[in-house]
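Notes follow the structure.
The values are calculated or read from the model by the stated rules, or taken from the named source; none is laboratory data. Remember, predicted model here, so these are calculated numbers, not experimental data. Cβ coordinates were reconstructed from backbone atoms using ideal geometry, including for glycine residues, and neighbour counts include every protein chain displayed. With ligands, DNA and RNA removed, areas are computed over all heavy atoms of the protein, side chains included. Shrake-Rupley method; radii C 1.70, N 1.55, O 1.52, S 1.80 Å.
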Amino acid sequence: MKQLHRLALGALLLGSLILVPTVQAAGTVVVYSARNEQLIKPLFDAYTKETGVKVKFVTGKEGPLLERLQAEGDKTPADMLITVDAGNLWQAAERGVLAKVNSKVLEENIPAHLRDPDGQWYGLSVRARTIVYNTKKVKPADLVSYEDLGNPKWKGRLCLRSSKKVYNQSLVAMMISRYGEPKTEAIVKSWIPNLATDVFSDDENLLDAMAAGQCDVGIVNSYYFGRLKKKHPETPIAIFWPNQNENGVHVNISGAGVTRHAKHPEAAMKLLEWLSSDKAQNLFADSNMEFPANPKVKPDPLAASWGEFKHDTVNVSEAGKLQAKAVMLMDRAGYK
């Protein structure tokens, strides 16, 4: 009889030990994020308020975060990785730190060209890398496409950000996917003689140079333009959506995936699904003037005022697959 009591007590204790992690799994999600705290904390706060699930997060640069995930291996506390640029997400999947997720919610909310074909990551916001121009010196009718920026009419008038930035590497990688290497190299080479000055370290400096009259046209991410116009609406710079009669504007994403060694994988997937929902997508759009990845959600009013545009619908994973070729191509073309 005493032995039966001991067995029953042992079973009860074992059940308790099993139950404790289950309760923790439902209560907390740990996120490594390459997005700044100011952009993600409002989202996580809203999720906790709605579901009661806490979100602990660590922010940092995408490279070190990815290295950390790899080094931690199955000991990592991270359940989810959030980062910018499809190239970085593709790298994370290639290095084996993300897990495949099967979710009808995500497949319904996120268009196919904005997510990994193998289900390891999903776009959460769209970042359009487009053309901007000085309204005192350029008419919209003068602009056509990325390729046309190599036209001699732009000689000494073009500003570009450094080729070392992943945004430009992804732009060129997507052009390789669309046109092939020889044509893309010819396009990139044609830009170089038209540069008004040395390449810029970031989009904000480029926009400042354009506002100061140093150059007439340039390529930037649309939300940098939006931030400038919010602070200084009088700035004589406007946005232009290129390639509308062809393949459309080059778009990239910020996105996320559940980590391979997540301690709370189900909770992480529910957070990922929620981030694709109407409510979260509205918060995304309002926080940084990026475009919602979920097409049912409207962009921020200022971003909406720039007009609708056609996306290039080549899957953004091509940005990662072809990034190494893009870097070598830009080097050969003399794009620093």
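Here residue 149 sits with roughly 0 square angstrom of accessible surface, probe radius 1.4 Å. Legend: distances between Cα atoms for 41/296; 104/325; 137/296; pairs beyond 32 Å are 104/325; 137/296.
What relative contact order, as a whole-number percentage, does segment 22-135 give when Cα pairs under 8 Å and 6 or more residues apart are counted?
Relative contact order here is 24 percent.
Would you give the gap between the C-alpha center of segment 162-199 and the C-alpha center of segment 71-104, rounded to a whole Å? Cα centroid of segment 162-199 versus Cα centroid of segment 71-104: 28 Å apart. Put simply, the amide H of residue 237, placed in the peptide plane, has neighbours under 5 Å in 135, leaving out anything fewer than 5 places away on its chain.
Straight Cα distances below 16 angstrom link residue 310 to the aspartates and glutamates 246, 290, with same-chain residues fewer than 8 positions distant left out. Annotation for residue 48 and residue 324: the two label points, set 7 Å from Cα along the Cα-Cβ direction, are 4.1 nm apart. Within the full protein context, the accessible area of residue 190 is estimated at about 30 Å² for a probe radius of 1.4 Å.
Between the Cα long axis of helix 181-191 and the first principal axis of the chain there is an angle of about 60°, rounded to the nearest 10. Model label sites at residue 67 and residue 208, defined 7 Å from Cα along the beta-carbon direction, differ in position by 2.9 nm. For residue 264, the solvent-accessible surface with a 1.4 Å probe is about 30 Å², rounded to the nearest 10. Annotation: amide H-H contacts under 5 Å for residue 252 (H modelled 1.01 Å from N, sequence separation of 5 or more, or interchain): 127, 128, 129.
Once you order the gyration tensor axes a ≥ b ≥ c over the Cα atoms, which shape class does segment 264-336 get: rounded for a/c under 1.5, otherwise prolate or oblate by comparing a/b with b/c? Can you show the working numbers first?
Working: a/c = 2.82, a/b = 1.47, b/c = 1.92.
It is oblate, given that a/c is not under 1.5 and a/b is not larger than b/c.
The C-alpha atoms of the chain define a longest principal axis, and helix 62-72 lies at about 30 degrees to it. Helix 222-231 and the long axis of the chain differ in direction by around 80°, with both axes built from C-alpha atoms. Estimated from helices alone, the mean residue ellipticity of the chain at 222 nm is -14000 deg cm²/dmol (sum of -39500 (n - 2.57) over DSSP H runs with n ≥ 4, per residue). Taking a ≥ b ≥ c as the square roots of the eigenvalues of the Cα gyration tensor, an a/c ratio of 1.5 or more together with a/b larger than b/c marks segment 87-202 as prolate.
Amide H to amide H distances under 5 Å link residue 243 with 145, 146, where only residues 5 or more positions off or on other chains count and H is placed in the peptide plane.
May I ask you to rank 200, 284 by accessible area, largest first, using a 1.4 Å probe over the protein chains only?
If we order 200, 284 from most to least accessible, we get 200, 284.
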